[in-house]
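Scroll down for the structure; my scribbles are underneath it.
The values are calculated or read from the model by the stated rules, or taken from the named source; none is laboratory data. All values derive from a computational prediction rather than experimental measurement. Note that each Cβ is placed from the backbone with ideal geometry, even for glycine, and that neighbours are counted across all protein chains shown. Heads up: the accessible areas ignore ligands, DNA and RNA and are worked out on the full protein's heavy atoms, side chains in. Shrake-Rupley method; radii C 1.70, N 1.55, O 1.52, S 1.80 Å.
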Amino acid sequence: MTSLDRRTTAARPDLADERLRGIVEAARFVAGKARRVAAPAAALRGEPRPDMPMDTELLMGEPFTVFDENDEGWAWGQSGADGYVGWVASEALGSSDPEPTHRVAALRSFVYPGPSLKLPAQACLSLNAEVAVLARENGYARLAGGGFVHDGHLAPRASREPDFVAVAERFLHTPYLWGGKTSIGLDCSALVQMSLRAAGVSAPRDSDMQERELGDPVAFDEALAGLRRGDVVFWKGHVAIMRDPLTMIHANGYHMAVAIEPLREARDRIAQKSFGPVTAIRRLSTNR
């Protein structure tokens, strides 16, 4: 099989995406079935077992192409949001229709059985989850999948946040969760990806992918001078966002939360205790 990133290549020795025919080797090729995430969030894993680590999460409304399903209730496929490949519980997926009309613009929002805040909440949607709104009633949006969400927590799907760093700052103190990408828990690269997504910028899922693909390189030396708000700083296995020339925000295992701290202080600790020296700084076109 051609050497491709397994995280974003829908190919196994026994099965592969029809679109990869001639690119990879597999026993058979299949056309995937278009589905969409119907759960508030769903874990994507490397193997179809609930005790496996979570590679990433899928948010409500994300498209997901299914290539295989087993008898234990797992579906193997690829996210349409960032291309990540893995196994997700089949029950978390629904029809690809209707197309979402809105996104959750609040950090999180509850889903109620009716248009009233006094009713018991049924679920919690995180920032960037997408929903199809059928109607509005009493300040609430009725969703195609059932339930009501406060209308003020939604924005048109095409709307964009003006400052992705301000989005990241809204996640302050959110617990660190390996593979997570919701306001209940997320990791370092998810903080970058979710903040940028809210601003209308597509970003890969993992920090090494982001280091290769986001923005343009910024020259730096030991002093790390001349950085700007919105610059993205990388280590081997970690990433942070600059809030200003001196401080950064990142989801990290040291604090087990999203934290703000001085760049140089964090740099020295990270170099000594975990990921080594800074490997790259990238500047996005939105930050020129």
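How many residues are assigned to a helix (DSSP H, G or I) and free of Cβ contacts under 8 Å to residues at least 12 places away in the same chain when one looks only at the stretch 272-288?
Taking the stretch 272-288 first, the residues assigned to a helix (DSSP H, G or I) are 272-273, 285-287.
Okay, now just the ones that are also free of Cβ contacts under 8 Å to residues at least 12 places away in the same chain, so 272.
Counting residues in the stretch 272-288 that are assigned to a helix (DSSP H, G or I) and free of Cβ contacts under 8 Å to residues at least 12 places away in the same chain gives 1.
Do we have T182 as touching a Pro at 6+ places or on another chain (Cβ under 9 Å), over 24 Å from L58 (Cβ atoms), polar (S, T, N, Q) and modelled with pLDDT of 95 or more here?
Values: touching a Pro at 6+ places or on another chain (Cβ under 9 Å): yes; over 24 Å from L58 (Cβ atoms): no; polar (S, T, N, Q): yes; modelled with pLDDT of 95 or more: yes.
No: the conditions fail for T182.
Select, from R28, R45, the only residue that is surrounded by fewer than 14 Cβ atoms within 10 Å (Cβ to Cβ), among the basic types (K, R) and without any contact (Cβ under 8 Å) to a residue 60 or more places away in the chain. Spell out the reasoning first.
On the way: R45 fails: surrounded by fewer than 14 Cβ atoms within 10 Å (Cβ to Cβ).
After applying the criteria, what remains is R28.
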**OP:** Tell me, please, whether a residue that is surrounded by 13 or more Cβ atoms within 10 Å (Cβ to Cβ) and of a type in the set (D, E) can be found in the stretch 267-288.
**Re:** no
**OP:** Give the residues of the stretch 201-232 that are among the β-branched types (V, I, T) and either without any contact (Cβ under 8 Å) to a residue 40 or more places away in the chain or surrounded by fewer than 21 Cβ atoms within 10 Å (Cβ to Cβ) (or both), sorted by residue number.
**Re:** V201, V218
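Please determine whether any residue of the stretch 136-157 is under 13 Å from the mean Cα position of the chain (by Cα) and among the aromatic types (F, W, Y).
The first filter runs over the stretch 136-157 and keeps only residues under 13 Å from the mean Cα position of the chain (by Cα), leaving none.
No, the stretch 136-157 contains no residue that is under 13 Å from the mean Cα position of the chain (by Cα) and among the aromatic types (F, W, Y).
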Subject >> The one condition in (1) open to solvent by 30 Å² or more (accessible area, probe 1.4 Å); (2) out of contact with any helix residue (DSSP H, G or I) (no Cβ under 7 Å at 6 or more places or on another chain) that A38 fails to fulfil >> reply: (2)
**OP:** Of the numbered conditions (1) open to solvent by less than 30 Å² (accessible area, probe 1.4 Å); (2) at negative phi; (3) without any contact (Cβ under 8 Å) to a residue 40 or more places away in the chain; (4) among the small types (G, A, S), A129 fails exactly one; give the number of that condition.
**Re:** (3)
Original post:
Assuming A166 fulfils every condition listed in (1) open to solvent by less than 50 Å² (accessible area, probe 1.4 Å); (2) under 19 Å from the mean Cα position of the chain (by Cα); (3) in contact (Cβ under 8 Å) with a residue 40 or more places away in the chain apart from one, which condition is it?
Top reply: (3)
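Restricting the stretch 133-150 to residues that are free of Cβ contacts under 8 Å to residues at least 40 places away in the same chain and part of a loop (DSSP other than H, G, I, E, B), which is least open to solvent (accessible area, probe 1.4 Å)? If you could, list the steps in order and put the result at the bottom.
To start, the set of residues in the stretch 133-150 that are free of Cβ contacts under 8 Å to residues at least 40 places away in the same chain comprises 133-143, 146-148.
This time we only want the ones that are part of a loop (DSSP other than H, G, I, E, B), so: 138-139, 146-147.
Values: N138: 122, G139: 44, G146: 41, G147: 14 Å².
Of everything passing the filter in the stretch 133-150, G147 is least open to solvent (accessible area, probe 1.4 Å).
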Subject >> Residue list for the stretch 247-256, filter: surrounded by 14 or more Cβ atoms within 10 Å (Cβ to Cβ), out of contact with any helix residue (DSSP H, G or I) (no Cβ under 6 Å at 6 or more places or on another chain) and farther than 15 Å from G276 by Cβ >> reply: T247, H255
Original post:
Which one is nearest to the chain's Cα centre (by Cα) among residues in the stretch 6-30 that are more than 17 Å from P48 (Cβ to Cβ) and assigned to a loop (DSSP other than H, G, I, E, B)?
Top reply: T8
